[in-house]
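Have a look at the structure below, then the notes.
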Amino acid sequence: MLNVVSLIQEKVCQAVQELYGAEFQAANVPVNTTRKEFEGDYTVVVFPFTKVARQKPEVIAQQLGQYLTEQLPELVDFNVVKGFLNLTVGDEYWKSFLLGPAQDTRYGKQPASGKKVVIESCSPNTNKPLHLGHIRNILLGWSMSQILEAVGHEVVKVQIINDRGIAICKSMLAWQKYGNGNTPASVTMKPDHFVGYYYVKFEQEFQAEYKEWQESTEGRQVFEAQHKENESPTEFFKRYKDTYFNEYSQLGQEARSLLLAWEAGEEEVVALWKKMNGWVYAGFDVTFEKLGVTFDQIYYESETYLLGKKMVEKGLEQGVFYRCEDGSV
């Protein structure tokens, strides 16, 4: 279907031929968007036709407007402002203009390019529900995949789920200590939100523990020995939080022990990990379904972290990496 501008240009040429006996090329017919201060959608500039018509521009515009609205059902009205013919396009044309592509499932799609593209998006942790940043990332990834598919590429949509580590063990430990055997079903809560509740619960209990320690003799001694000049207790303990977690915290010790037990494959810990991750995945799936997105392949850190550790160890041996005083690489 020709767009309305092309239709107008062709009909203007036909009108000039019939009314004035002259030939014009459609490409030479000036059609512009009507200026906002005038009524209409498109404007035909009639000055180029004055020589062949031998009439005033206003008369030519009136004659062409009458001809075009009779010949083109897409046009429902016209008005003349000096040598300018303003044309109004009817609603039915705009409806068909929009509905046509919408109903064409192949609209805008290109032949296969022979190229394969991998789009990775979302890739959450399994200790809490998806947040707004994940949603933004998911929609960007999905949009990119749809665009790339439309231009002919084979697209593989993947995500890499961080399903192991200390953050996951925090929610596991909190459920063990404070969950009282509750499940998402027993408290009628979306499963990923349920697990996220215990991740937050861990942080709340940890903060209470940390605050109590700061006021203890040991905490005050650490502050006196390690704070910077003019550094307040509030500033010091804010930056000391991770060190406390790793060196003094009872909850931190329990979470690390849980992680070591998982890495050792202890049956009870692995079973708990699978159960809580299963809850999270069920919650994620609800969100994905509501968003209308799918993934072709899902990778899990639990299946690749040992390979990563081997590569890091090799890098240390070869001097590519180095170990810091805190043990990090």
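The values are calculated or read from the model by the stated rules, or taken from the named source; none is laboratory data. These numbers were taken from a predicted model, which means no experiment stands behind them. Reconstructed Cβ throughout: ideal geometry from the backbone, glycine too, with neighbour counts over all protein chains shown.
Overview of results
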item: Yes/no for F236 being modelled with pLDDT of 95 or more, assigned to a helix (DSSP H, G or I) and under 35 Å from the mean Cα position of the chain (by Cα); result: no
item: Filtered residues of the range 255-285 (kept if under 11 Å from M172 (Cβ atoms), crowded, with 16+ Cβ neighbours inside 10 Å and not hydrophobic (A, V, I, L, M, F, W, C)); result: N277
item: Residue satisfying condition, being closer than 30 Å to E58 by Cα and among the basic types (K, R), within set K82, K115, K109, K128; result: K82
item: Evaluation of W175 against (1) part of a loop (DSSP other than H, G, I, E, B); (2) among the aromatic types (F, W, Y); (3) closer than 30 Å to Y198 by Cα (one fails), failing number; result: (1)
item: Candidate set: the range 290-321, residues that are polar (S, T, N, Q) and part of a loop (DSSP other than H, G, I, E, B); chosen: the one farthest from the chain's Cα centre (by Cα); result: Q318
item: Hits in the range 30-58 - residues which are under 19 Å from Y93 (Cα atoms) and surrounded by fewer than 17 Cβ atoms within 10 Å (Cβ to Cβ); result: N32, T33, E39
item: For A27: the one exception among (1) in contact (Cβ under 8 Å) with a residue 24 or more places away in the chain; (2) more than 41 Å from the chain's Cα centre (by Cα); result: (1)
item: Selection within the range 30-68 - among the aromatic types (F, W, Y) and either over 13 Å from F84 (Cα atoms) or more than 47 Å from the chain's Cα centre (by Cα) (or both); result: F47, F49, Y67
item: Residues located in the range 114-134, provided they are without any contact (Cβ under 8 Å) to a residue 60 or more places away in the chain and under 13 Å from L291 (Cβ atoms); result: S121, L132, H134
item: Matching residues, the range 11-29, being surrounded by 15 or more Cβ atoms within 10 Å (Cβ to Cβ) and either in contact with an Asp or Glu (Cβ under 9 Å, 6 or more places away or on another chain) or charged (D, E, K, R) (or both); result: K11, C13, V16, A26, V29
item: Total residues in the range 174-196, condition closer than 16 Å to L259 by Cβ and buried (at least 24 other Cβ atoms within 10 Å of the Cβ); result: 2
item: Test: A208 is among the aliphatic types (A, V, I, L, M), in the same structural domain as Y178 (by TED's automatic domain parsing) and either more than 25 Å from C169 (Cβ to Cβ) or touching a residue at least 24 places away in the same chain (Cβ under 8 Å) (or both); result: no
item: Condition check for A61: more than 23 Å from G90 (Cα to Cα), without any contact (Cβ under 8 Å) to a residue 40 or more places away in the chain and in the same structural domain as G83 (by TED's automatic domain parsing); result: no
item: Selection status of K228, assigned to a loop (DSSP other than H, G, I, E, B), assigned by TED's automatic domain parsing to the domain that holds F288, over 20 Å from K128 (Cβ atoms) and of a type in the set (K, R); result: yes
item: Residues that are under 23 Å from S121 (Cβ atoms) and charged (D, E, K, R), drawn from the range 274-329; result: D285, E289, K290, D296, E301, E303
item: Selection within the range 70-92 - free of Cβ contacts under 8 Å to residues at least 60 places away in the same chain, surrounded by fewer than 20 Cβ atoms within 10 Å (Cβ to Cβ) and closer than 14 Å to V5 by Cα; result: P73, T88, G90
